[in-house]
Amino acid sequence: MSVLRFVAGMSEDARIAYHVGISLCWESGDVWVHRTRLRSVSGLTKCRLAKAIRELEDDACVWRIGCDRIGFDGAPQLLRKSIGPAGRPSAKDWLALRQRVFKERGNFCTYCHGVDSLAVDHIVSLKLGGSNHFENLVPACKSCNSAKSGRSWTDWYLQMTGRK
């Protein structure tokens, strides 16, 4: 089962909660985050976050740990997987991986839903220890990809929404 999947039918709140949660898991090195931390960083209200979590649970992306923690099944471990020597795929493998990203995750930007000038973005950048594994890749327009640069998704999102 793929933990880091992007579902085209996912609501914006669920997508935000999912990406923020994965980033927080990566930063903490654990598979769960506190609900209050997730709410604080994502900027979602209590009600909107609860609805997003229910949607993610239905899709088997997360599970509840008690009443105050949300688990992201194996997120850090999956992000650390790599492909090829030193995590660098060959040009042929990269082309196949790129095509798979667009085929399975859609031909639109994960962040802004734009469809022009699409590229492949690393959720956790290589600079921050992410990998070229399929689970760490999403479609992104060149504008969002460049704006995010080597920052963590959480840092970029907070700056983009003016909350940092």
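The values are calculated or read from the model by the stated rules, or taken from the named source; none is laboratory data. Please read these numbers as outputs of a predicted model, since none were measured by experiment. In this analysis, Cβ positions are derived from the backbone assuming ideal geometry, glycine residues included, and neighbour counts consider all displayed protein chains. The protein model used for the area step is the full one, side chains on, heavy atoms only, and it has no ligands, DNA or RNA in it. Shrake-Rupley method; radii C 1.70, N 1.55, O 1.52, S 1.80 Å.
Residue pairs whose Cβ atoms lie under 7 Å apart, sitting 6 or more positions apart in sequence or on different chains, and linking a residue in region 43-56 that is more than 9 Å from Asp13 (Cβ to Cβ) to a partner that is assigned to a helix (DSSP H, G or I) and open to solvent by 40 Å² or more (accessible area, probe 1.4 Å), are Lys46/Arg39.
Kindly establish whether Glu12 is farther than 20 Å from Asn136 by Cα and modelled with pLDDT under 90. Considered against the rule, which asks whether it is farther than 20 Å from Asn136 by Cα and modelled with pLDDT under 90, Glu12 comes out as no. The helices (runs of 4 or more DSSP H) found wholly in region 83-163 and carrying at least 1 residues that are closer than 21 Å to Ala17 by Cα, out of contact with any Cys (no Cβ under 8 Å at 6 or more places or on another chain) and open to solvent by 50 Å² or more (accessible area, probe 1.4 Å) occupy 91-105, 153-160. Output the residue which, of all residues in region 60-82 that are of a type in the set (A, V, I, L, M, F, W, C) and surrounded by 16 or more Cβ atoms within 10 Å (Cβ to Cβ), is modelled with the highest pLDDT. Once the filter is applied, the top-ranked residue is Ile70. Of Leu44, Leu49, Leu38, Leu4, all but one fail to be modelled with pLDDT of 85 or more and part of a loop (DSSP other than H, G, I, E, B); the exception is Leu44. Looking across region 33-59, just one residue is of a type in the set (Gly, Ala, Ser) and open to solvent by 50 Å² or more (accessible area, probe 1.4 Å), and that is Ser40.
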